[in-house]
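J.: My structure is below; once you've seen it, I'll send some questions.
The values are calculated or read from the model by the stated rules, or taken from the named source; none is laboratory data. Given the structure is predicted, the values throughout are model-derived calculations rather than measurements. Note that each Cβ is placed from the backbone with ideal geometry, even for glycine, and that neighbours are counted across all protein chains shown.
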Ligand SMILES: Nc1ncnc2c1ncn2[C@@H]1O[C@H](COP(=O)(O)OP(=O)(O)O)[C@@H](O)[C@H]1O
Ligand SMILES: [Mg+2]
């Protein structure tokens, strides 16, 4: 009997180890596969040229990824600028000011918003955001624009990320004990000082990690952005111009353009760049968390 | 000077929806004495203490009516200088809640809110307040590290020092020793006895023996009502109400 238990113990522990191992191995396998598959393109030119050239002429054998990388970064940063203040303020309001009834109503609503498929956000973007940008905003700045722009991508992405980030912020803020808020108030802090010194400070790592995960998610988000961003290969600082983010490049062309030589490798490299940037974003935020925890 | 009472409470009621947590409380808290609020848990002691510095504002569902006079002012009236009024009272809660700042900054937090920036004055305050609570020698070498490394008992004394730093006239303590070991509890109790010359102290407790040890004036609460109050000797040796009689038997 005890022998059987020992065997079960042995195997279940073994399985757990294997599961863990697979999880650890997965990103490595993906990375290796992408590197191997994108190998051929390096015969054409070096990594620096691929990353920093802005000429994208696959038929001519020229693959410069810079426009795609910059578009992705631009859309992501815009979405961050739009969503971060909304998320922080909404999370503070819901956890510190709102009545119990409002928060118990809002929590499921936020969950529902976070669960809406991205194609639905994309449709909403086409129906509302694109016309708004093209017909109201662009004329206001005396610009001609179809509405399919970096700005539209940023707005749609921001709206998508808000429930996701908000959820994490609320979870984090809820862990702050009432006693801490009471302590600051009893020492003569105003409500706002109290929030700043107890809630925001106590949750600084939670806030950073929520925004980090939100940014990484935003950077990789494909469908909704692709539907509204215009998908034109160009480099422009003007948010009212179209852009072409990395994930859109991959999703739009894989399977269709593979007759062009090296296109296959180029898209593999695009995936690899995407993976690396998302990892870098994560690493950077890990580092920030480490720094704030040490303080 | 008729300043014998630090706090006068008239007809204080606190309700949630249709449940009354505090029922018609009328109470005087004498100055420079330790007043002990005693009663079984759930009888509304914490709520009463929260009403005294309007921390009830934090809980939107609570409806507070009545009058609480401190220095002749009704603090329950709508007002926007509630921060100053709260600084007249140091709060010590059931568990220590050090701010996520260094030990030094914990003590200076309240003074800095008052606008004091002078480094010498801040240093002086930190040393003096930590001396007062007997913590100085234990922490003087690590003033700039986080209070997380202190024991719970030390943290509670730090919280007391931080409260004293804003120069309150009252100390409100809500079961301040319930999370502490016996030794730290005794330290806190001794501190209260020492501090009562300068401060008016209100201590909430459900421990009968602690009440007997500390009280100059005892108040017995039951289901949101003040049942009996008076000098502890008289009250505990000769209880009038059936509730207190029962509590005294169960409590020993
Ligand atoms: N914010 C609140 N909302 C609803 N009920 C509350 C609230 N605060 C206190 N109560 C209720 O009031 C009663 C007294 O609570 P409390 O003052 O904490 O008692 P004590 O400190 O004597 O244990 C309890 O029954 C508690 O459930
Ligand atoms: Mg209590």
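J.: Is it the case, given these coordinates, that residue A:233 is within 13 Å of another protein chain (Cβ to nearest Cβ), over 21 Å from the mean Cα position of the chain (by Cα) and surrounded by fewer than 24 Cβ atoms within 10 Å (Cβ to Cβ)?
T.: Taking the combined requirement at face value, the residue does not satisfy it.
J.: Let me ask something else about it. Looking for something under 19 Å from the mean Cα position of the chain (by Cα) and part of a loop (DSSP other than H, G, I, E, B) - is there at least one such residue anywhere in the stretch A:202-223?
T.: Among the residues of the stretch A:202-223, at least one is under 19 Å from the mean Cα position of the chain (by Cα) and part of a loop (DSSP other than H, G, I, E, B), which makes the answer yes.
J.: On to the next question. Of B:25, B:29, which residue is surrounded by 20 or more Cβ atoms within 10 Å (Cβ to Cβ) and closer than 15 Å to residue B:173 by Cα?
T.: Only one candidate passes the filter, namely B:29.
J.: Here's another thing I want to ask about it. Could you tell me which of the residues A:126, A:195 is crowded, with 19+ Cβ neighbours inside 10 Å and in a helix (DSSP H, G or I)?
T.: Only one candidate qualifies: A:195.
J.: Among strands (runs of 3 or more DSSP E) lying entirely in the stretch B:161-233, which contain 3 or more residues that are in contact (Cβ under 8 Å) with a residue 24 or more places away in the chain and either more than 16 Å from ligand 1 (Cβ to nearest atom) or farther than 26 Å from residue B:4 by Cβ (or both)?
T.: Per the criteria, no element qualifies.
J.: Residue check: is residue B:23 away from every other protein chain (no Cβ under 14 Å), closer than 17 Å to residue B:223 by Cβ, within 15 Å of ligand 2 (Cβ to nearest atom) and touching a strand residue (DSSP E or B) at 6+ places or on another chain (Cβ under 9 Å)?
T.: In short, no.
This table checks each residue for (1) away from every other protein chain (no Cβ under 14 Å); (2) at pLDDT below 85; (3) part of a helix (DSSP H, G or I).
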residue: A:48; (1), (2), (3): yes, yes, yes
residue: A:59; (1), (2), (3): yes, yes, yes
residue: A:68; (1), (2), (3): yes, no, yes
residue: A:71; (1), (2), (3): yes, no, yes
residue: A:77; (1), (2), (3): yes, no, yes
residue: A:81; (1), (2), (3): yes, no, yes
residue: A:84; (1), (2), (3): yes, no, yes
residue: A:91; (1), (2), (3): yes, no, yes
residue: A:96; (1), (2), (3): no, no, yes
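J.: Which of the following residues is in contact (Cβ under 8 Å) with a residue 40 or more places away in the chain and farther than 19 Å from residue A:218 by Cβ: A:105, A:82, A:97, A:141?
T.: A:141
J.: Scanning for something out of contact with any helix residue (DSSP H, G or I) (no Cβ under 8 Å at 6 or more places or on another chain), more than 16 Å from ligand 1 (Cβ to nearest atom), more than 26 Å from residue B:107 (Cα to Cα) and modelled with pLDDT of 90 or more, does the stretch B:42-57 turn up at least one residue?
T.: no
J.: Still on this structure, I have one more. Can you tell me which condition residue B:65 does not meet? The list is (1) over 22 Å from residue B:175 (Cα atoms); (2) more than 7 Å from chain A (Cβ to nearest Cβ); (3) at pLDDT below 90; (4) within 16 Å of ligand 1 (Cβ to nearest atom), and all the others hold.
T.: Result: residue B:65 fails condition (3) only.
J.: Hey, another quick one. Looking at the stretch B:57-75, which of its residues are assigned to a loop (DSSP other than H, G, I, E, B) and in contact (Cβ under 8 Å) with a residue 24 or more places away in the chain?
T.: B:61
J.: Still on this structure, I have one more. Which condition from (1) over 21 Å from residue A:54 (Cα atoms); (2) outside any helix (DSSP H, G or I) is the one that residue A:239 breaks?
T.: (1)
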